[in-house]
Amino acid sequence: MTPQEINDSNYVRIFDTTLRDGEQSPGASMTLAEKLKVAEVLDDMGVDVIEAGFPIASNGDFEAVREVAKLMKRSTVAGLCRASKVDIDRAWEALRHAKSPRIHTFISTSPLHMKVKLQMDPEDVVAAIHESVSHARRYCEDVEWSAEDGTRTEPDFLCRIVETAIAAGATTINIPDTVGYTTPDEYFDMFRMVRERVPNADKAVFSAHCHNDLGLAVANSLAAVRAGVRQIECTINGLGERAGNAAMEEIVMALRVRHDAMPYETGIDSTYLTRASKLVSQVSGFPVQYNKAIVGKNAFAHESGIHQDGMLKDAQTYEIMTPESVGLNKSNLVMGKHSGRHAFKEKLKDLGYALGDNAFQEAFSRFKDLADRKKNVYDEDIVALVDDELNRA
Ligand code: KIV
Ligand code: ZN
């Protein structure tokens, strides 16, 4: 497909960077075997591009990119490199084994980053972009270029460097919100402006890469899609530097559940989301917060009596997607002090009890007393309570 065809379609590519930006999260490093396990799930679930690491960063990263590259059946495999020939050569050494390789090269472009971090003049940055992208294209047809700190880059300069990168052969242009600073309207306007003003913009696919410092990473990514972006960079569980990256599970399910409002498709089989989340949590050692959208322990759990009653009548009363659609078996009606008679009766049925009216009333009132004293009421607690009630009768 040409970039123009991709831009004209409603298909949004999912670029997963759990193994690169996700792993940059302090304390989240993974072994080679763990990375391969994660990569296999990403490949199976339909991720379009897997960023497997930063090959120049260490021998371990190099090896991980090379082994992921060899293993992937469907996904394109990307490796990150700075705007330097040594980085790009090393990345290619690891990526050349892939069925579908991508070199991803980046350089900072905001005034602050150019002056303080790179200590380079803007003109030298333009030259480095041209040289690095041209060098990468000698190896590989699929080259992504990123403007690090893109959202704090001066607009005229941003247009100029995007044009330069495309002229040098970049096929994907990523404009990251590196520090999680932008807002949905601002990010939308930025992509609109760049796509309108850059004369060769239709020769590339645009990409969003959002960090979550203000909790806006997913909203910003979705706004970018409305502005014509056709690749979203994200991670499982939103793992990533500082407050993390845009969470893949939220993007995929937002586009699916609200397809009426955002008519775009991804290639992700959403029934893999829970599995992928559990695996990444386990190998990174980062627990998933209980109330995390889509994959948190409580995302499909209900305790209040009113909600449980509604759920037992029709799950759509309090659930906007089915647990099965994200790979969970069923919703969880948690028994606690807010639970009502309806849920308690269903729980007894599940546990194999059929109590008469009086015994039921007595058991229910003892259950409520217990729930007031005990934070978590487990099935065993209910079994013990009901058995005791039956023995007394
Ligand atoms: O956040 C960022 O700017 C990045 C780039 C290196 C793509 O991760
Ligand atoms: Zn990033």
note = Once D8 and K70 are pulled to full extension, the length gained, defined as 0.36 nm per residue separation minus their Cα-Cα distance, is 19.1 nm
ask   = Under a Cβ-Cβ cut-off of 11 Å, what is the net charge of the residues other than A299 that fall near it, where Lys and Arg count +1 and Asp and Glu count -1?
value = -1
message = Could you list L351, L255, L95, L36 so that the one with the fewest beta carbons within 10 Å of its beta carbon is first and the one with the most is last?
response = L351, L36, L255, L95
key: Difference of contour (0.36 nm per residue) and Cα-Cα distance, H338 to D260   = 24.6 nm
Relative contact order for region 70-152, counting Cα pairs under 8 Å that sit 6 or more residues apart, in percent = 34
request  = Nearest 5 is fine: what % of DSSP beta bridges in the chain come out antiparallel, could you say?
outcome  = 5
message = On a full-extension model of 0.36 nm per residue, what is the gain between L351 and D369, subtracting their alpha-carbon distance, rounded to one decimal in nm?
response = 4.5 nm
ask   = When the Cα centres of region 335-377 and region 34-74 are compared, how far apart do they sit, in Å?
value = 49
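Between D387 and L32, what FRET efficiency follows from the Cβ-Cβ distance if R0 is 56 Å, with the result rounded to 0.05?
Taking R0 as 56 Å, the efficiency between D387 and L32 is 0.65.
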Around S84: net Lys/Arg minus Asp/Glu count, Cβ-Cβ under 10 Å = 0
ask   = For E163, what charge total do you get from the other residues with a beta carbon under 13 Å from its beta carbon, if Lys and Arg give +1 and Asp and Glu give -1?
value = +1
task = Can you tell me the relative contact order of region 232-389? Whole percent, Cα pairs under 8 Å, sequence separation 6 or more.
result = 16
ask   = At a Förster radius of 35 Å, what calculated FRET efficiency corresponds to the Cβ-Cβ distance of D89 and D44, to the nearest 0.05?
value = 0.65
Dipole of region 114-221, positive end: most advanced residue of V205, Q119, T183 [Cβ charges, Cα centre] = V205
key: Hydrodynamic radius by Kirkwood, which averages 1/r over all alpha carbon pairs of the chain, in angstrom   = 22.8
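Once you keep just the Cα pairs under 8 angstrom separated by 6 or more residues, what percentage relative contact order results for the chain?
14
No lab work stands behind these numbers, since they all come straight from the coordinates. From a predicted model like this one, the values you see are computed outputs, not experimental measurements. Cβ: placed from backbone, ideal geometry, glycine included. Neighbour counts: every protein chain shown.
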